[in-house]
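Participant: Take a look at the following structure, please.
The values are calculated or read from the model by the stated rules, or taken from the named source; none is laboratory data. Just so we're clear, the structure is a prediction, and the values are computed from it rather than from any experiment. Cβ placement follows ideal geometry from the backbone for every residue including glycine, while neighbour counts extend to all protein chains displayed. We work out accessible area using only protein heavy atoms, side chains counted, and drop any ligands, DNA or RNA first. Shrake-Rupley method; radii C 1.70, N 1.55, O 1.52, S 1.80 Å.
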Amino acid sequence: MNLYKVILVDDEEDARISIEQKVDWNALGFELVGSAGNGQEALELTEQVHVDVVMTDIKMPFMDGLELCAKVKENYKNTKVVLCSGFDDFEFAREAIHLEVEEYLLKPIGAKDLENVFRRIKENLDKEFDERRNLENLNEYYQQSLPMLREQLVAGMLEGKMAEDQAKLLLESYGMDFLAPYYCVGLVGGEPLADKGEPKKGQMLMLSLMNLAKEYLDENIDHYSFLYLGKLVVIAKLQHASSVREFVYHMDQVCKMGARMLDMNVDAGVGRAYPQLSQIAGSYEEAGKAYDYRVLADGSGRAFYVNDVEPKSPEIVSQEMLGISKVIHDIKLGTEEELHISVEEFVKELKGEDGTTIQQYQLAFMEMITELLKLLRSYQMDLADVFGKDFDPYLQMGRFHSLAEVSAWLDDNCQNIRKMVRKQRTNSTNLITEKAKSYIEEHYSESNLSVEQICNYLNISATYFSVLFKKEVGMSFVSYLTKVRLEHAVELLNNTEDKSYIIAEKVGYTEANYFSYVFKKQYGVSPSKYRTNKDK
């Protein structure tokens with residue numbers, strides 16, 4: 001049993017000894033841990049030993065009992081004070097009440113009175129300690145649960161289940177420094193290159209990827225990150241909407257580090273930046289859509305920004321239209337067979353196990369057509385090129401005699417749209433590539449020409465440009481720029497008498513020695529040797 005600690009304070013030593021011997025302190029639940037001859041000594045003792053009860057005389061030199069009581073209550077709010085005096089003085093009693101002392105005893109003190117007083121004090125101390133321990137336990141449990149509560153709160157925001165005011169209130173309650181001018185969500189997924197059939201290994205690698213990403217991102221961007229539904233979610237807190245490009249760059253670095261250090265295929269998708277907490281759900285959904293474009297990276301591991309890969313469209317497919325959503329997804333990214341299956345699944349869901357009403361069929365069909373029309377509009381395609389010049393969905397519904405006909409008609413048109421989307425994507429890619437080539441041709445002589453400069457001109461992210469350019473041109477931006485510069489250098493060597501260092505400057509090299517090194521690496525001879533050989 002833990003005993004409560006007591007000190008006795010009286011300037012008369014005999015009085016202190018008498019009180020010590022009157023009762024069995026341990027039996028009452030107390031332990032005498034010291035005594036003092038005046039208030040000053042007692043105060044010093046309470047500073048050295050955590051005391052639960054101070055029993056003090058009033059009349060003492062240096063510091064009397066009332067002053068000691070005031071000091072104790074000021075510095076040790078939970079310590080109990082028992083005042084005792086040889087004077088039946090009303091003023092003392094009134095001051096004792098003002099100081100909120102637990103008991104006021106008159107000398108001489110009988111053993112029975114002393115026992116009763118300390119039994120009451122122990123009862124009060126027991127209640128206070130129980131309450132305090134319960135609060136401490138609750139607080140300890142709360143602190144242990146905070147990480148989980150915070151993740152649940154952020155998960156609620158990702159799922160769009162949190163209103164703006166409610167989110168702000170809970171963020172403050174959980175002590176989260178989360179508020180920012182803009183929010184942008186990144187989604188990172190990884191898969192081990194070997195042992196793909198071991199889920200446990202994949203989970204462990206994702207934990208390693210999370211730690212790796214957090215260590216890198218903590219040094220570069222304000223963010224909140226956690227594992228959610230098997231992927232790493234990173235919510236960037238941005239000062240400006242334009243900072244999303246920087247975030248895409250950092251996410252791309254995470255992909256590269258994860259692939260290099262953990263032997264994984266690591267890809268990421270990044271949504272748009274929004275100013276409201278309630279819009280985080282939209283950015284998260286966009287990040288998921290961008291992540292789906294990882295199939296275009298050919299396993300190189302990149303971060304895809306939704307603006308680079310998806311036409312801007314504010315419409316979001318509802319949860320009740322998941323079958324339609326799958327069809328739209330496969331039109332944009334699936335194979336011919338995957339699209340065929342998703343159309344069949346949509347029609348199967350339309351039929352249902354218990355059949356469907358004509359109204360349900362008509363509504364579902366019109367929802368599908370609406371989403372297809374939105375897709376055509378977002379890619380700036382002509383409706384007539386798909387459905388014909390005078391297409392009327394209501395008339396079309398009346399022409400079907402069975403759901404098999406609906407399935408065949410939808411499959412045929414969706415496959416047609418799929419081909420058109422790919423063709424336009426190829427045309428768009430070619431256009432971006434040609435613009436980049438033209439820009440390089442115009443600015444190759446600038447020594448500071450960089451990917452970032454071209455991407456600002458094209459208004460796309462550097463990571464997406466790198467994937468796209470290499471896929472279309474067959475070499476990286478740096479290799480292509482070097483090729484263009486050296487071709488112009490050869491032209492100058494052939495048609496001018498300029499010195500090598502002059503030619504180096506004209507084609508974008510500030511260091512003549514480096515120019516000579518790059519030239520020799522490409523052509524096997526130095527610029528001066530090349531010219532000499534030409535003149536022979």
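Participant: With every protein chain kept in the model, how would you rank Met60, Met261 by accessible area, 1.4 Å probe, largest at the top?
Facilitator: The most accessible residue leads, giving Met261, Met60.
Participant: Okay, next question. Please give the peptides 441-452, 150-161 ranked by average Cβ packing (other Cβ atoms within 10 Å per residue), highest first, as a rough proxy for protection. Write down the numbers at each step before the final one.
Facilitator: On the way: 441-452: 13.5, 150-161: 17.2.
Highest to lowest by the protection proxy: 150-161, 441-452.
Participant: Let me ask something else about it. Return the ratio Rg/(2.2 N^0.38 Å) for region 330-439, where Rg is computed over Cα atoms only.
Facilitator: Numbers: Rg = 16.5 Å, N = 110, 2.2 N^0.38 = 13.1 Å.
For region 330-439, the normalised Cα radius of gyration is 1.26.
Participant: With +1 on each Lys and Arg Cβ and -1 on each Asp and Glu Cβ, and nothing else charged, work out how big the dipole of region 434-536 is about its Cα centre, in Debye to the nearest 20.
Facilitator: Details: 14 positive and 13 negative charges, 99 e Å.
Roughly 480 debye for region 434-536.
Participant: Which of the residue pairs Lys80/Lys107; Lys435/Lys483; Lys348/Lys374; Lys289/Lys471; Lys470/Lys499 have a Cα-Cα distance greater than 26 Å in the structure shown?
Facilitator: On the way: Lys80/Lys107 19 Å; Lys435/Lys483 17 Å; Lys348/Lys374 23 Å; Lys289/Lys471 21 Å; Lys470/Lys499 33 Å.
Exceeds cut-off: Lys470/Lys499.
Participant: Kindly write out, for region 526-531 in residue order, the coupling ³J(HN,Hα) from the Karplus curve 6.51 cos²θ - 1.76 cosθ + 1.60 (θ = phi - 60°), rounded to whole Hz, with x marking Gly and Pro.
Facilitator: The phi angles translate into 6, x, 5, 5, 4, 5 Hz.
Participant: On a 0 to 90° scale, report how tilted helix 403-443 is relative to the longest principal axis of the chain, with both axes built from alpha carbons and the result rounded to the nearest 10.
Facilitator: 90
Participant: Taking the Cα centre of region 359-465 as origin and charging only Cβ (+1 Lys, Arg; -1 Asp, Glu), how large is the dipole, in debye to the nearest 20? Don't skip to the answer; put the middle values down first.
Facilitator: Values: 11 positive and 14 negative charges, 29 e Å.
So the magnitude is around 140 debye.
Participant: For the chain, what is the charge dipole size about the Cα centre, in debye to the nearest 20, if Lys and Arg each add +1 at the Cβ and Asp and Glu each add -1 at the Cβ? It would help to have the intermediate numbers written out before the result.
Facilitator: Details: 61 positive and 88 negative charges, 752 e Å.
Value, rounded to 20: 3620 debye.
Participant: Pop out the ³J(HN,Hα) list for region 380-386 in order, Karplus 6.51 cos²θ - 1.76 cosθ + 1.60 with θ = phi - 60°, rounded to Hz; leave Gly and Pro as x.
Facilitator: Those phi angles translate into 6, 9, 8, 4, 5, 5, 9 Hz.
Participant: What is the set of long-range amide H partners of Val9 at a cut-off below 5 Å, with H atoms built 1.01 Å from backbone N?
Facilitator: Counting only residues 5 or more places away or on other chains, the set is Ala36, Met55, Thr56, Asp57.
Participant: Sticking with this structure for a sec: What percent do you get for the relative contact order of the chain when only Cα pairs under 8 Å and 6+ apart count?
Facilitator: Numbers: 672 pairs, mean separation 43.4, N = 536.
Relative contact order of the chain: 8 percent.
Participant: Turning to a different aspect of this structure: Tell me the Rg and the Dmax, in Å, that the Cα atoms of region 388-467 produce.
Facilitator: 21.7, 68
Participant: Using only the heavy atoms of the protein chains and a 1.4 Å probe, how would Asp177, Asp52 rank by accessible area, largest first? Let's see the in-between values first.
Facilitator: On the way: Asp177 130, Asp52 15 Å².
Result, largest first: Asp177, Asp52.
Participant: Which values of log₁₀ I(q)/I(0), to two decimal places, follow from the Debye formula for region 382-536 at q = 0.12, 0.19, 0.21 Å⁻¹ with a uniform point scatterer at every Cα?
Facilitator: Log10 of I(q)/I(0), two decimals: -0.67, -1.10, -1.22.
Participant: For each pair in Lys5/Lys71; Lys437/Lys529; Lys127/Lys168, compute the distance between the two Cα atoms and list the pairs where it is over 28 Å. Display every interim value, and only then the final one.
Facilitator: Details: Lys5/Lys71 18 Å; Lys437/Lys529 30 Å; Lys127/Lys168 37 Å.
Where the Cα-Cα span goes over 28 Å, the pairs concerned are Lys437/Lys529; Lys127/Lys168.
Participant: Can you pull the percent of the chain's accessible area that's carbon plus sulfur, 1.4 Å probe, other chains left in place?
Facilitator: Details: 14150 of 29230 Å².
Ligands and nucleic acids excluded, carbon and sulfur give 48 percent.
Participant: Still on this structure: State the dimensionless ratio Rg/Rh of region 1-63 (Rg: radius of gyration of Cα atoms; Rh: Kirkwood radius). Working shown, then result.
Facilitator: Working: Rg = 11.5 Å, Rh = 11.9 Å.
My calculation of the ratio gives 0.97.
Participant: Another question, if that's okay. What does DSSP give for the chain in terms of the percent of beta bridges that are antiparallel, rounded to the nearest 5? All intermediate terms of the calculation are to be shown ahead of the outcome.
Facilitator: On the way: 21 of 43 bridges.
So the antiparallel bridges amount to about 50 percent of the total.
Participant: Continuing with the same structure: Cα-Cα pairs above 31 Å in the chain: how many percent? Provide the component values of the computation, followed by the final result.
Facilitator: On the way: 96907 of 143380 pairs.
I get 68 percent for the Cα pairs in the chain exceeding 31 Å.
Participant: Over the chain, give the accessible area per residue in Å² for a 1.4 Å probe, as an integer.
Facilitator: Numbers: 29230 Å² over 536 residues.
Per-residue value: 55 Å².
Participant: Now for a separate question. Go through Ser466, Ser242 and list them by solvent-accessible area, largest first, probe radius 1.4 Å.
Facilitator: Values: Ser466 40, Ser242 90 Å².
The residues order as Ser242, Ser466, largest area first.
Participant: Which whole-Hz couplings ³J(HN,Hα) result when phi for each residue of region 151-164 is put into the Karplus expression 6.51 cos²θ - 1.76 cosθ + 1.60, θ = phi - 60°, listed in order with x for Gly and Pro?
Facilitator: With coefficients 6.51, -1.76 and 1.60, one gets 5, 5, 5, 5, 4, x, 5, 4, 8, x, 9, 10, 6, 4 Hz.
Participant: Name the residues whose placed amide hydrogens come within less than 5 Å of the amide hydrogen of Tyr4, ignoring near sequence neighbours (fewer than 5 apart) on the same chain.
Facilitator: When sequence neighbours closer than 5 places are left aside, the close amide H contacts are Phe30, Glu31.
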